[in-house]
Structure formats: C-alpha cells, structure tokens
2 protein chains.
Amino acid sequence: MDHPTVDIRIARAGLLRMAEPPAPVVAAYAAKVGSIPAFKAIVCRTAPPSVLRATAARTAGRQPEDLYAQARHDLASADAIGATLLCPEDSSWPTAALTAFEMAAARGVTGSAPPIALYVLGNLPPNLPTAAVTLIGSRACSGYGERTAAEISGELAADGVVVVSGGAFGIDTTAHRAALAVDGRSVAVLACGIDRSYPVANTALLAAVRKQGAVVSEYPPGTTPARHRFLVRNRLLAALGAVTLVVEAGRRSGSLSTAAAAMHLGRVVMAVPGPVSSAMSAGCHLLIRDRAAILATCADDVLHELRGLDDPKLFAEQQFSVPIIGADARRPTDGLDSLSARIYDAIPARAAVTVQQVCESAGVTGAEALAILPVLHVHGLVERDGACWKLATRMAAAVNRT
Amino acid sequence: MDHPTVDIRIARAGLLRMAEPPAPVVAAYAAKVGSIPAFKAIVCRTAPPSVLRATAARTAGRQPEDLYAQARHDLASADAIGATLLCPEDSSWPTAALTAFEMAAARGVTGSAPPIALYVLGNLPPNLPTAAVTLIGSRACSGYGERTAAEISGELAADGVVVVSGGAFGIDTTAHRAALAVDGRSVAVLACGIDRSYPVANTALLAAVRKQGAVVSEYPPGTTPARHRFLVRNRLLAALGAVTLVVEAGRRSGSLSTAAAAMHLGRVVMAVPGPVSSAMSAGCHLLIRDRAAILATCADDVLHELRGLDDPKLFAEQQFSVPIIGADARRPTDGLDSLSARIYDAIPARAAVTVQQVCESAGVTGAEALAILPVLHVHGLVERDGACWKLATRMAAAVNRT
C-alpha cells in the first residue's frame, strides 16, 4: 500500500493506541528504528514477530487505513481540548526524567518502559526530575494527612519546586491546591485519556493545574480510568520527580506501588510518619521501618534531599541498581537483576540470616544488601525476622515444596 | 592500721561512696584486684595514683574509720527500707546485661563503666537484658505519647517482657503503670538514692514496682537527684534492656542521651513516630530519619526485634562497634574508637561527601559507615547534607580555624 503522510506525532499517537502501556517491546522498537518506520511496520505487519505479538490485540482485523485514521482522530481529539502530543523527538521532552527507564533496562530490569509519547495540557516545566517532588498519598486521607500535604506542598511550591501528583481526591488534590495557592507549578499525571476529567469534581482543579503547569497522560483520548492503569501511571509519577514523598498511605495503598516504582528508578523515596494509631499512616511506617523510605517531617527535610541531588554526579550515584519485578515475569524472581538475584539467593529456604551473613554469602557490601533487601521485601520476596531476613512465607513454601 | 572485718558488701558500698558514677577507673581497679582489696587500698592510700586521684574528692581529709563507718551506714540505711546491695560477686548480678560495658571498653571505648554495685528494692528479674525492653520518653509527654506508651508497655508486659524505665512522670510512670496493670514485671532505675522517692508523688508507684519487679540505683542512700545523675543513670537504663524504645522525645530530650547510650552498648534502638506537628515526637523522628533508631508502631514491632536477639550468637553480632564520647574527653573526638575515628577523619573540612566516598576514603564497608555516621551525628560531630554527610558546623569551624 501507499502510506499516507505520516509525521512523528501521527506515528506516536498510533503506537500509543496499539499497545496498552507500559509497552516495553514497542517502545524499544520505536527507539531502535524510529517512530515513523516502527508505526508503518506494525501497520503493514512487517515488524518483528515480538512487536507484532505485542500489538496484535489492538490491530487484529483492522485495516491500515483504520489505524492511520485512529491516530489522526486521537490527535484531533487532543487538539480539540488544547492538548498536544509531546514526543521524545521534541526538545521539551523530559529526557532526564525518563532516561531512568533506560538506565533500569540497561541494568537488566524488565517489565517497565518509558511512555511512547505524552498528551500534554499546559506546559511541562523544564528540569525534571530534579526540579520536582512527587507528592502522593491516599484518596481517603485523614485531616492530619491533608494538613501535612498542604503544608509541605505549599512550602515546596513556594520554594520553586514543581509538585507532581495524580488527579485523585485526597492527598493528590490537596497537593495541587496548595501548590497553586502560592502561585507554584504542579503537574498532574492521569491514568485515563487527557480529555477525561476524572474524577469529574476535579475538572476545575485540573484546569487550574494546566494553567500553572501541566496535565499529562500517556493514554489515548477517551481511555477510561481502570485500576491497572493507575498502577501503570504510577511509574510516571515516580519518574518525573527526583524525590517521591508518600504523605499518607494505608498498608495496601496504591501509593506503595508508586514508592516501589520510585525505588526501581533509583529515586529518593521519603515518607511522612503519623500517629501509630492511624491506619492511614501504616504504609508510610512500613516504608520507613524497612528503610525503603527516608522519614520526612517537613518541606525542609524534602528540600535537603532534593538539593543533595542537584549535583548531577551525586544524582547519578544515587541511581543504584535495584530490581523491578516485571509484570510479565513468570516467577516472582524472574525480573531480578543480577545483584538482587545474588542477594535473594543468599537467603536460605529454612532459616533467617543476618545482613552480615547475606553479605558474606552473596559477596556484596553491607550498603548493597541494605539497599536491596527492603526492595525485595516490598515485592514480597523476603521478610524481616527480628534483626534478620528470611524468605517470605510464600517463597519459602514454594522452595520447600520443590 | 588493723582493718575491721570487711565483707564484699561493705567494700562495694564504700567504693560507691568514694567516686561519683560512672567511675571507670575505680570499677576497673575493683575488677582487677577484687572489691575488698580495692576498698582497703583506697582507704589506706596504697592504691595506684590514678585510683587515688579518682577517689580523692570524696576521701580527702577523711579517716579510714570514717570511710568504714560510712559504708556500714549506707548498708544500714538501705536495710532500713528493705533494700539490699547487689554485687557483681552475687549470682543474681545481671552479668549479661552489664558485660556490655566491658565489651565497649574492649573496643577502646572510654568514659563509661558498669555500676560498682546496685542497691535493689524487690527482686531484679533474671535474663536481663534479653528479657527486657527499656521504655523511655519525655516527662511532659502528650496524650498520644501516654496512650502509646501504655499500650506498648502493657502488651510487652503481658507477653512476659520486663519493662525497664526511670521513675519520672510522663512516659516512665505510664510504662510502669501499664506493666503493673497486667501483672507484669517492671524495673525502675533511679538517679538518686534508693531511699529517696523522686518524684515524691511516685512513692506509691515505686512501691508497686518493687513488689512486681525491682527499683534499683547505683547511688548511695541519701543521694539527691541532679541533672548529671539522670544522664549517668541513662546508661543503666540502656544496659538493662536488649531494646531501648523511645516513645516520645523532644529534640533536646534526655531520652536521646539514653538512645545514644544504647547505641554505644550495641543495643537495638527503636522509636515511635507521631504527628509531624508534635514537638514531642521531633526527637523520635530525628532518630528514625538518621537511621539511629528503627521505627516501631506497636508491641509486635518491638517483640520482633527482641525475639531476633534471643539467639546469643545473633545478639553478639548485634554488638557492633560504635563510639562513645567520654565525659572526660578534652575534645569531642577524643572518645572515638578507631573505626569511628577513621570514618570521622574521612569527612573533609569544607565539603559534603557521599557514604560511598566515606567508605573509599576510610577503607570501611558501607554497613560500617551507615552504622557509625548516625552515631557521630547524635554526638554533634557530623551532619547530613542532602544525600551526603559533612562535618557539623561547630566541628568544621574548629577545623577551619586551625
């Protein structure tokens, strides 16, 4: 067939439509051959089998004309509300923030990927991630959480820091409001199409965010919010800020997934403590207890960490190797990078061991073990046992069965 | 002169009277030559000059007869209220708990010492320190701190754990009350003579503690409470429990000195978080943020750490080398052991460095640096600066002057 004129924006809008994010295979293919050739090759079924498999569900039975038309339609839908499609080829693409995914991939981490492009309302502030703090927490936050989020977000924004958050009620809403109240900048990352105001009650807030910062989404216009999309979106929240601060989170809060994503990307994770009697602080306390997060009580604590990352060399040093558990991994341990796998393998099936024993067995330093073990814990692979570490019950059970 | 009959108890009561605790020189001399010969040698001025210097202030111008009489009088005063003098020669001496001082001394730590003997009302529970948790916090605690202390202390005591605390209002009082309320055991360590009820309002409480546990003091009967005695007493609080839990503490709370003492002795230090808006939790947050304490939200968190120490081998491993700043050190860095001194020296006068840089410069492991740096911080020698560490302002100023 003759290809119609395809520019980068049409190609990337099409690629975004062809595979549910995160789409590591498609993203890698586009990065390798270029977005326009990648799009054309998928449309014409000439792309490598792995790429065709990754896009099969959304291209099967559809004519090339349909796929081109859909891409153009998505761009038109975005244009209708004033949104643009920001592409990696653009100078304002947040390269420094999203390079973290490539760095993770280079460490052998699988299952995650940068966005193929981002629909943007407003203007994405420059100098991400070091100019930004990602502020997250529960929708059903307490009055204490709300006050604390407002205070910290307001002070950070007044200090020129970009506040990144989702678009949900609770901590997200409070963080944006407090930043906007001091004429600060904020960025809202959505888990639905950029044309969907979700929740509807936040329509005015998102309009205000757009004026003083940006609303962004990697989902094609019209995409409905869904639970899995919030989890996938969380990696972008984590990527855009150099520090991720969890203000309030229950033990099963989605904010813990953002914190885990931030760890995978080598970001600094911080958490605000609260009354031990508050279930809304239990997730924060878990993160701090397991040294997966640094305790933060105020904006100054956060600025302290953020300023420490201003030096690019220090920032690079901070990006230590941590594992990511790929969504497509067959076993929970499949996604581990080599260092993490060594540390995991150093923990015997039937006993608890000290950090020192882990270091000796795995041949790693104490700092490495202390950095990795909490991440393995967040992924449910290991557990603390007094001063020791042991396999998580489910992992030990699996080992003991074999 | 002819010595009157001197038994161990008279000798140690006399030694306790001759030097203000902690009396490392006197304690070491008594351990070396035996308590009776040590007492006699000091009385007759035949002890080594360092020992005579350490006891000069309280023996100068006093006849041997006076010194013997004073010791007997102290024992009689104790006996009058039903207290006994527990000595290292007794089988019920808490050897395992107080060996920590010898272990610290063996690491080159100076300035601290075990008690020469302990006046005891009631019965000191066996299996210290592993059977006990030291629970401390501010006198002027909040309602939140009081509730949390009561809940944790009650649950620990109900689980058979001995609760160790001071005799002050606030967290101390609450901890004892909650332990006694569930028929648990508690130990109160006083900073005054065992015959002084301080504060007076706690007379009934201390009487109850005595029935279900013990009230102890290393101070001779009649000794008045004084600020410096609370600081010295704190090392015994830290020594008697395998875990020291700070429930609430302001930034300048004396509880932080107990936490520092616990670190010196290789004890597990834990702290309860609270609302970031509460000044009463600021000290706890400081300890947790700087990883000098493990976050604890409930009795289970504490039991988890305590159980992990049940294994004597693990417990020994836990006793890593940490510095102690001797009260008699001329410069703040004089009391540092060699590992701590190496780490301190690795921090340049005019720049902040990463943990990795400290490790390289000092030739230590990450685990060692991560264990020691927070202790140096508690002592005001170093400060955190973003992701880095630097000399504390006052130390840097001193260096820059020279």
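The values are calculated or read from the model by the stated rules, or taken from the named source; none is laboratory data. Please read all numbers here as calculations on a predicted model, not as lab measurements. Note that we place each Cβ from the backbone using ideal geometry, even for glycine, and neighbour counts take in every protein chain shown. Areas reflect the complete protein model, heavy atoms only, side chains present, ligands, DNA and RNA absent. Shrake-Rupley method; radii C 1.70, N 1.55, O 1.52, S 1.80 Å.
Remarks
- Relative contact order of region A:166-281, taken over Cα pairs closer than 8 Å and 6 or more residues apart, is 22 percent.
- Restricting the calculation to Cα atoms, region B:6-117 shows an Rg/Rh of 0.96 when the hydrodynamic-style radius is the Kirkwood one.
- The Cα center of region B:149-178 and the Cα center of region A:19-39 differ in position by 61 Å.
- Solvent-accessible area of chain A (1.4 angstrom probe, protein heavy atoms only): carbon and sulfur portion equals 53 percent.
- Based on Cα contacts under 8 Å between residues 6+ apart, chain A shows a relative contact order of 13 percent.
- In Hz, Karplus ³J(HN,Hα) per residue of region B:145-162 (6.51, -1.76, 1.60; θ = phi - 60°; x = Gly, Pro): x, 5, 4, 5, 4, 4, 5, 5, 4, x, 5, 5, 5, 5, 8, x, 7, 7
- Amide H to amide H distances under 5 Å link B:VAL269 with B:THR244, B:ILE294, where only residues 5 or more positions off or on other chains count and H is placed in the peptide plane.
- In plain terms, the C-alpha convex hull of the protein assembly as shown casts an average shadow of 37.7 nm² when viewed from every direction.
- With R₀ set to 51 Å, the beta-carbon distance separating B:ALA181 from B:THR5 gives a calculated FRET efficiency near 0.65.
- Among beta bridges that DSSP assigns inside the protein assembly as shown, antiparallel share in %, nearest 5: 40
- For the protein assembly as shown, the dipole from Cβ point charges (+1 on Lys and Arg, -1 on Asp and Glu) about the Cα centre works out to 80 debye, to the nearest 20.
- Note, ³J(HN,Hα) from phi for region B:198-205, Karplus 6.51, -1.76, 1.60, rounded to Hz, x at Gly and Pro: 9, x, 4, 4, 9, 3, 5, 4
- Under the simplified labelling scheme, the B:ASP159-A:PHE169 pair shows an inter-label distance of 3.7 nm, with each label point 7 Å from Cα along Cα→Cβ.
- By the Kirkwood approach, averaging reciprocal distances over each pair of separate Cα atoms, region A:142-249 gets a hydrodynamic radius of 13.7 Å.
- FRET efficiency, 1/(1 + (r/R0)^6) with R0 30 Å, evaluated for B:LYS211 and B:ALA31 via beta carbons: 0.35
- Using a probe of 1.4 angstrom and keeping all protein chains present, the accessible surface of chain B works out to 39 square angstrom per residue.
- Cα pair distances exceeding 16 angstrom across region B:78-128, given as percent: 47
- Solution diffusion estimate, µm²/s, Stokes-Einstein, chain A, Kirkwood Rh from C-alpha pairs, 4 °C, viscosity 1.567 mPa s: 60
- Kirkwood-based shape ratio for region A:102-318, expressed as Rg/Rh from alpha carbons: 0.93
- Semi-axis lengths, largest first, of the ellipsoid equivalent to region A:188-259 are 20, 15, 12 Å, with √(5λ) applied to each eigenvalue of the Cα gyration tensor.
- Averaged over A:288-294, number of beta-carbon atoms from partner chains that fall within 10 Å: 4
- In this structure, the amide hydrogen of A:GLY213, modeled 1.01 Å from its nitrogen in the peptide plane, lies closer than 5 angstrom to those of A:ASN123, A:SER186, counting only residues at least 5 positions away or on a different chain.
- Buried between B and A is an accessible area of approximately 2900 Å², summed over both sides with a 1.4 Å probe.
- Karplus-derived 3J(HN,Hα), 6.51/-1.76/1.60, for each residue of region B:350-363, Hz, glycine and proline x: 10, 9, 8, 10, 7, 4, 4, 5, 4, 4, 5, 5, 8, x
- Closest-to-axis residue of chain A (Cβ criterion, axis taking A to B), whole Å: A:PRO273, 2
- Two-site FRET efficiency, B:ALA60 against B:ILE81, from Cβ-Cβ distance with R₀ of 41 Å, rounded to 0.05: 0.85
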